[in-house]
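Comments concern the structure below.
The values are calculated or read from the model by the stated rules, or taken from the named source; none is laboratory data. In this text, all values refer to a predicted model and were calculated from it rather than measured experimentally. Virtual Cβ from ideal backbone geometry, glycine too; neighbours counted across all protein chains shown.
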Amino acid sequence: MHPAPRVLLLTREGCHLCVEAESLVRGTCEELGVGLRVLDVDTDERLRAKYTDHVPVTFVDRELLGYWFVDDGALRSALASGHPRPIPDDWVLAHH
């Protein structure tokens, strides 16, 4: 069974920055035993409208970590210092 996702990565098909970000985030999450959810912004009009120029977008424990690039140190710090707040499937659509 996979852990509930604490990290949400918004991506899109054909985005080279998204591929790089997903590789880094997936590796860190697997190493630390942290759940990850990857969502394509083009699957929802609201996400596409809000984040189309910003992908990849990274959230940790329901807080924005950053746009375009992922700093592994910042990701690890956020995961170590935050209070775990899993991100339910509908969270991003309900809050954005």
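Can you pull out every residue in the range 29-75 that is polar (S, T, N, Q) and either within 12 Å of Arg6 (Cα to Cα) or in a loop (DSSP other than H, G, I, E, B) (or both)? So that I can check it myself, show each step before the final result.
Of all residues in the range 29-75, those polar (S, T, N, Q) come to 43, 52, 58.
Listed by number, the residues that qualify are Thr52, Thr58.
Looking only at the range 1-21, filter to residues that are under 14 Å from the mean Cα position of the chain (by Cα) and surrounded by fewer than 18 Cβ atoms within 10 Å (Cβ to Cβ); which one of those is nearest to Pro84 (Cα to Cα)? Quick ask: steps written out before the conclusion?
At the first step, the residues of the range 1-21 found to be under 14 Å from the mean Cα position of the chain (by Cα) are 4-12, 17-21.
Still in the list and also surrounded by fewer than 18 Cβ atoms within 10 Å (Cβ to Cβ): 4, 17, 19-20.
Details: Ala4: 10, Leu17: 26, Val19: 25, Glu20: 25 Å.
Within the range 1-21, the match that is nearest to Pro84 (Cα to Cα) is Ala4.
Would you be able to say whether some residue in the range 82-91 is at pLDDT below 95 and either aromatic (Phe, Trp, Tyr) or in contact with a helix residue (DSSP H, G or I) (Cβ under 9 Å, 6 or more places away or on another chain) (or both)? Write out each step before concluding.
Of all residues in the range 82-91, those at pLDDT below 95 come to 82-91.
Next, only the ones that are either aromatic (Phe, Trp, Tyr) or in contact with a helix residue (DSSP H, G or I) (Cβ under 9 Å, 6 or more places away or on another chain) (or both) stay: 88, 91.
There is at least one residue in the range 82-91 that is at pLDDT below 95 and either aromatic (Phe, Trp, Tyr) or in contact with a helix residue (DSSP H, G or I) (Cβ under 9 Å, 6 or more places away or on another chain) (or both).
Which one is farthest from Ala21 (Cα to Cα) among residues in the range 34-85 that are among the small types (Gly, Ala, Ser) and in contact (Cβ under 8 Å) with a residue 12 or more places away in the chain?
Taking the candidates together, the pick is Gly82.
Among the listed residues Asp61, Asp53, which satisfies the condition of being surrounded by fewer than 20 Cβ atoms within 10 Å (Cβ to Cβ) and under 16 Å from His83 (Cα atoms)?
Working: Asp53 fails: under 16 Å from His83 (Cα atoms).
Checking each option against the conditions leaves just Asp61.
Would you pick out the residues in the range 76-87 that are loosely packed, with under 12 Cβ neighbours inside 10 Å and either in contact with a Lys or Arg (Cβ under 8 Å, 6 or more places away or on another chain) or in a loop (DSSP other than H, G, I, E, B) (or both)?
Of all residues in the range 76-87, those loosely packed, with under 12 Cβ neighbours inside 10 Å come to 80-81, 83.
Across the range 76-87, the qualifying residue is only His83.
So how many residues does the range 38-67 have that are aromatic (Phe, Trp, Tyr) and modelled with pLDDT of 95 or more? Please lay out each step first, then the result.
Quick first cut of the range 38-67, residues aromatic (Phe, Trp, Tyr) only: 51, 59, 67.
Now narrow it down to the ones that are modelled with pLDDT of 95 or more: 59, 67.
Final tally of qualifying residues: 2.
Quick check: anything in the range 11-25 among the β-branched types (Val, Ile, Thr) and under 20 Å from Leu93 (Cβ atoms)?
Start the filter on the range 11-25 by keeping residues that are among the β-branched types (Val, Ile, Thr), which leaves 11, 19, 25.
Still in the list and also under 20 Å from Leu93 (Cβ atoms): 11.
Checked the range 11-25: at least one residue is among the β-branched types (Val, Ile, Thr) and under 20 Å from Leu93 (Cβ atoms).
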